DNA sequence: CTATTGCGCAACCAAATAGTTGCATATATA
DNA sequence: TATATATGCAACTATTTGGTTGCGCAATAG
């Protein structure tokens, strides 16, 4: 079974759950109430999220609170970094290009 | 058929393709040579990437070059932003906490 | 102690997905 | 013009996935 963070955030319901519990830990029932899915469906999503360590549980009596392991989200950020370099470069090139045009215009080359 | 950028980057082969063509546009055959999959499999991945506008094609004779639409990657970055706020806050709280301990130590409360 | 509640888990099912095979089409080459 | 090459596309298959149903277990309430 493939189980990584990218596969975890592929599902829109799972992204919604992540956004929801980012603010505060919640029980499966409480989470399920925010969507039109069953508690079991949410439970399965939570299992996926737990398996890739995006979420951690805290038992409190018979309730289980699920909390976002927010530092894990940085892995996505880390992966994005390689592209961030490239898109910043593009902006630099655009800047240089604009500067060049500007310069040429000043010299009456337009 | 669900087709968004999060689903597109869920597949590891697709992520590898993205990283590969981020540097320079490539043809399906050239891409396939970098992996141990068939050209057709790569072609299907490219279709998925094209459908969610992560990739654009340029025909050149009988070759088709696939190029990463890098600005599209910012959508992931944008989604991450909501969590970035939270994790920065956590760091702030940690800083405050450390400052507090430091202060207490100065006052001989340790 | 019994009933209820919150939950996980396994079995099952329909839909989606990644990959393969076998074409068709367009461009290039001999 | 005949052949080779680069590619897309449709059909088929095995696997995965998201969801449902039903069960069992532990904690709480009556």
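The values are calculated or read from the model by the stated rules, or taken from the named source; none is laboratory data. In this text, all values refer to a predicted model and were calculated from it rather than measured experimentally. FYI the Cβ positions are ideal-geometry reconstructions off the backbone, even for glycines, and counts take in every protein chain you see.
When A:26, A:73 are checked against the criterion of being away from chain B (no Cβ under 13 Å), buried (at least 16 other Cβ atoms within 10 Å of the Cβ) and in contact (Cβ under 8 Å) with a residue 12 or more places away in the chain, a single residue qualifies: A:26.
Of the listed requirements (1) within 11 Å of another protein chain (Cβ to nearest Cβ); (2) touching a helix residue (DSSP H, G or I) at 6+ places or on another chain (Cβ under 6 Å), residue B:89 misses just one: (2).
Within the option set B:98, B:80, B:49, being in contact with a strand residue (DSSP E or B) (Cβ under 7 Å, 6 or more places away or on another chain) and part of a helix (DSSP H, G or I) holds for one residue only, B:49. The set of residues in segment A:54-64 that are within 23 Å of residue A:6 (Cα to Cα) and either within 8 Å of DNA strand C (Cβ to nearest atom) or in contact (Cβ under 8 Å) with a residue 40 or more places away in the chain (or both) comprises A:54, A:57.
Got at least one residue in segment B:2-15 being within 14 Å of another protein chain (Cβ to nearest Cβ), more than 11 Å from DNA strand C (Cβ to nearest atom) and surrounded by 12 or more Cβ atoms within 10 Å (Cβ to Cβ)? Looking through segment B:2-15, at least one residue is within 14 Å of another protein chain (Cβ to nearest Cβ), more than 11 Å from DNA strand C (Cβ to nearest atom) and surrounded by 12 or more Cβ atoms within 10 Å (Cβ to Cβ). When you scan segment B:66-84, do you find a residue that is farther than 29 Å from residue A:12 by Cα, within 15 Å of DNA strand D (Cβ to nearest atom) and within 19 Å of the chain's Cα centre (by Cα), even just one? Among the residues of segment B:66-84, not one is farther than 29 Å from residue A:12 by Cα, within 15 Å of DNA strand D (Cβ to nearest atom) and within 19 Å of the chain's Cα centre (by Cα), which makes the answer no. Contact annotation: residue pairs with Cβ atoms under 9 Å, 6 or more positions apart or on different chains, pairing a residue in segment A:35-46 that is away from chain B (no Cβ under 14 Å) with a partner that is modelled with pLDDT under 95 and near DNA strand D (Cβ under 6 Å from one of its atoms), are A:45/A:37.
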